[in-house]
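Colleague: Structure in structure tokens, see below.
The values are calculated or read from the model by the stated rules, or taken from the named source; none is laboratory data. Owing to the predicted nature of the structure, the values given are computational and were not obtained by experimental measurement. Note: ideal-geometry Cβ built from the backbone for every residue, glycine included; neighbour counts use all protein chains shown. Surface areas here come from the heavy atoms of the whole protein model, side chains and all, with no ligands, DNA or RNA. Shrake-Rupley method; radii C 1.70, N 1.55, O 1.52, S 1.80 Å.
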Amino acid sequence: MRRVLVPAAAVLVSLVSAPPVLAEPEQKVPVAEGYGGAVATVDLDASKAAISVLRRGGNAVDAAVAAGAVLGVTEPYSAGLAGGGFMVYYDARQRKVFTIDGRETAPQAMTSTTFEGIPFDEGVTSGLSAGIPGTVANWDLALRKFGTLSLKQALQPAIDVASKGFVVDQTFYDQTASNQARFKDFTSTAKLYLPNGAPPPVGSVFRNPELAATYRELGRRGPGWLYGGQLGKEIVATVKQPPVTPGSTRNVRPGLMELSDLRAYRALQREPTKISYNGKDVYGMAPPSSGGSTVGEALNILEALPQVGLHEYLEASRLAFADRGKYVGDIPGVPLKELLSDGFAKERACLIGDRAIASPAAPGSPDGSYEPCAQPTGSSTPIADEGPETTHLVIADRWGNVIAYNLTIESTGGNGIVVPGRGVLLNNELTDFTFGPAPGDPNLPGPGKRPRSSMAPTLVFEHGKPVLAVGSPGGSTIITTVLQILVNRYEFGMNLPDALAAPRATQRNTAQTQAEQAFLDKYRAELEAKGHSFALNPEIGAATALEFVGRGRVQAVAEPVRRGGGSAMVVKP
């Protein structure tokens, strides 16, 4: 024992004709517990959509697509049909975990030097940053493989919300205001998100009839309308010739996307990552996501230590990030098996002592030959800029299927460009690539390549059955957020709501550890005594999670405060 120092679905009837079963709450509730299925998202309307699907006989995948589409309406600066994402899904009938990679890809014309010499901000707000969208292909593959709804049915709740509108909250206002300077530089974006030249006020009703029409047409015509059809043509035209406001002085670079890139896009099924940790099996997303490998490696390192506290949590994360930077990307030959091996974890854990390791720490050698305490000799790779905005949802249904789903358009507001007449913001996912020059970096851009992601939708199993699902937005802090929640839950003995609400710190192989103010107030002195250095990060992550708490009960958990708080619901309280 280690010492802890610190704390199969029925056929779905029509969504339109089925009567409502129970009245839904009119405010966000961060924790809900009950039976028959559970949902946690960042948004009340998205959670309502998912619960409605579950109550009408849909399964977890049906509900996830419906909620994801609604988030494209109510959280348009974090998600949307022109973005991408990753699903980690447990199919109870097959007793197997599946993952779907809906990550955006680079156009065939992109090379390793495309972004060299371009300031990061200019790269973001441009056609050049827009990757080939993966979200619609992700939805389509998930529904065909595991769902019971058609895409048309799954999009109906989002069509309703986009048509009728939703109430603007402080988060939506703040995110619009922070993007106002660049939104006004595009005619289509300013028209939609800056009515009367300003962000929609808090408490007003925001409608997006163009997006409602786009979803409606997508449901009628199917994914081919995007991947080679008229919608695809309009996206390509927008990327290649952004609708810059006359008189704007912004340098907006055109993109490289072609219709042939859209025709070639495929969402992919991949094998999940899997590690054993303290008697549990932890499943995550494999490359091009670094979430599964980095969370998994850090957990393995912690398991190899004689004691675990916050110091050890930070050090395990530091070392795992060093290895992520060196080895993980959308390239052949990622040494995934060795990165997640117990031998490599023990070799890395041996470096953790009573004092913080100097950053950047060097990567290890996941070569299959491990010594009791090998000193690393390689050079470290700095972490690339990565947009903080993404969204995450978790859903369980009455049959025991469970899904953790991250979806994103990258930075808050994507690349800032709305497709004229379609109500859809484009992603800036390609700025997740390393800009270079960086010889040997696994995350340099390339034709058809998927940029490395930090999204970490995660499922935890015990005795072959799912017990917990968790994930978060937050760029590369996603990894540390998920890791810290798991450490809080399984090392420090917190219940799940406390594990999410607890103050956070994120160490990503940087000289300073970023931490929230409450974390600094409580732990700074003792950790600085061990050599850690800190910088303030006001808000880290915005997680959603669920846990099976016994006898068929499920507890759904969202943030009580971060990013305005989230929305947890169950089918039967």
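Colleague: Given the options ASP169, ASP160, ASP185, name the one that is within 30 Å of PRO447 (Cα to Cα), among the acidic types (Asp, Glu) and either surrounded by fewer than 22 Cβ atoms within 10 Å (Cβ to Cβ) or within 25 Å of the chain's Cα centre (by Cα) (or both).
Modeller: ASP185
Colleague: Oh, and also: State whether the residues of region 131-151 include one that is open to solvent by less than 50 Å² (accessible area, probe 1.4 Å), within 29 Å of GLU258 (Cα to Cα), among the charged types (D, E, K, R) and outside any helix (DSSP H, G or I).
Modeller: There is no residue in region 131-151 that is open to solvent by less than 50 Å² (accessible area, probe 1.4 Å), within 29 Å of GLU258 (Cα to Cα), among the charged types (D, E, K, R) and outside any helix (DSSP H, G or I).
Here is a yes/no grid of residues against (1) open to solvent by 20 Å² or more (accessible area, probe 1.4 Å); (2) assigned to a strand (DSSP E or B); (3) more than 24 Å from ALA518 (Cβ to Cβ):
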{"position": "VAL460", "(1), (2), (3)": "no, yes, yes"}
{"position": "VAL467", "(1), (2), (3)": "yes, yes, yes"}
{"position": "PRO473", "(1), (2), (3)": "no, no, no"}
{"position": "VAL482", "(1), (2), (3)": "no, no, no"}
{"position": "LEU486", "(1), (2), (3)": "no, no, no"}
{"position": "GLY493", "(1), (2), (3)": "yes, no, no"}
{"position": "ASP498", "(1), (2), (3)": "yes, no, no"}
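Colleague: If SER411 meets every condition in (1) more than 19 Å from the chain's Cα centre (by Cα); (2) of a type outside the set (Phe, Trp, Tyr); (3) open to solvent by 10 Å² or more (accessible area, probe 1.4 Å) apart from one, which number is that one?
Modeller: Among (1) more than 19 Å from the chain's Cα centre (by Cα); (2) of a type outside the set (Phe, Trp, Tyr); (3) open to solvent by 10 Å² or more (accessible area, probe 1.4 Å), SER411 violates only (1).
Colleague: Any idea how many residues of region 534-570 are among the acidic types (Asp, Glu), surrounded by 20 or more Cβ atoms within 10 Å (Cβ to Cβ) and within 18 Å of the chain's Cα centre (by Cα)?
Modeller: Residues in region 534-570 being among the acidic types (Asp, Glu), surrounded by 20 or more Cβ atoms within 10 Å (Cβ to Cβ) and within 18 Å of the chain's Cα centre (by Cα): 1 in total.
Colleague: Looking only at region 188-202, count every residue that is surrounded by 15 or more Cβ atoms within 10 Å (Cβ to Cβ) and either under 26 Å from the mean Cα position of the chain (by Cα) or in a loop (DSSP other than H, G, I, E, B) (or both) and tell me the total.
Modeller: Of the residues in region 188-202, 6 are surrounded by 15 or more Cβ atoms within 10 Å (Cβ to Cβ) and either under 26 Å from the mean Cα position of the chain (by Cα) or in a loop (DSSP other than H, G, I, E, B) (or both).
Colleague: Tell me whether region 204-224 contains one or more residues that are farther than 21 Å from LYS152 by Cα and either touching a Phe, Trp or Tyr at 6+ places or on another chain (Cβ under 8 Å) or in a helix (DSSP H, G or I) (or both).
Modeller: Checked region 204-224: at least one residue is farther than 21 Å from LYS152 by Cα and either touching a Phe, Trp or Tyr at 6+ places or on another chain (Cβ under 8 Å) or in a helix (DSSP H, G or I) (or both).
Colleague: Hey, can you tell me all the residues within region 70-99 that are under 13 Å from the mean Cα position of the chain (by Cα) and part of a strand (DSSP E or B)?
Modeller: Passing the criteria: GLY84, GLY85, PHE86, MET87, VAL88.
Colleague: If you don't mind, there's one more thing I want to ask. Give the residues of region 327-359 that are under 25 Å from the mean Cα position of the chain (by Cα), part of a loop (DSSP other than H, G, I, E, B), within 21 Å of GLN507 (Cα to Cα) and not hydrophobic (A, V, I, L, M, F, W, C), sorted by residue number.
Modeller: Selection gives GLY329 alone.
Colleague: Additional query: Considering only region 498-550, how many residues are of a type in the set (Val, Ile, Thr) and in contact with a Leu (Cβ under 8 Å, 6 or more places away or on another chain)?
Modeller: Going through region 498-550 one residue at a time, the tally reaches 2.
Colleague: So in region 38-69, with the set limited to residues that are in a helix (DSSP H, G or I), in contact with a Ser or Thr (Cβ under 6 Å, 6 or more places away or on another chain) and among the small types (Gly, Ala, Ser), which one is surrounded by the fewest Cβ atoms within 10 Å (Cβ to Cβ)?
Modeller: Result: SER47.
Colleague: While we're on this one: Of the residues that sit in region 269-294 and are closer than 21 Å to HIS463 by Cα and either of a type in the set (Phe, Trp, Tyr) or in a helix (DSSP H, G or I) (or both), which one is farthest from the chain's Cα centre (by Cα)?
Modeller: Among residues in region 269-294 that are closer than 21 Å to HIS463 by Cα and either of a type in the set (Phe, Trp, Tyr) or in a helix (DSSP H, G or I) (or both), the one farthest from the chain's Cα centre (by Cα) is TYR277.
Colleague: Next question. For region 146-197, what are the residues that are touching a strand residue (DSSP E or B) at 6+ places or on another chain (Cβ under 7 Å), β-branched (Val, Ile, Thr) and closer than 30 Å to ASN59 by Cα?
Modeller: Within region 146-197, VAL167, VAL168 meet the criteria.
Colleague: In region 500-533, how many are over 24 Å from GLU410 (Cβ atoms), buried (at least 17 other Cβ atoms within 10 Å of the Cβ) and among the polar types (S, T, N, Q)?
Modeller: Result for region 500-533: 1.
Colleague: Another question, if that's okay. Which of the following residues is open to solvent by 40 Å² or more (accessible area, probe 1.4 Å) and not charged (D, E, K, R): PRO272, PRO360, PRO366, PRO335?
Modeller: After applying the criteria, what remains is PRO360.
Colleague: Quick check on my filter: what residues within region 369-405 are at pLDDT 95 or above, assigned to a loop (DSSP other than H, G, I, E, B) and open to solvent by less than 50 Å² (accessible area, probe 1.4 Å)?
Modeller: Answer for region 369-405, where residues must be at pLDDT 95 or above, assigned to a loop (DSSP other than H, G, I, E, B) and open to solvent by less than 50 Å² (accessible area, probe 1.4 Å): GLY400, ASN401.
Colleague: Another question, then. Considering only region 294-329, state which residues are farther than 25 Å from PRO272 by Cβ and either polar (S, T, N, Q) or at pLDDT below 95 (or both).
Modeller: Of everything in region 294-329, just one residue is farther than 25 Å from PRO272 by Cβ and either polar (S, T, N, Q) or at pLDDT below 95 (or both), namely GLN307.
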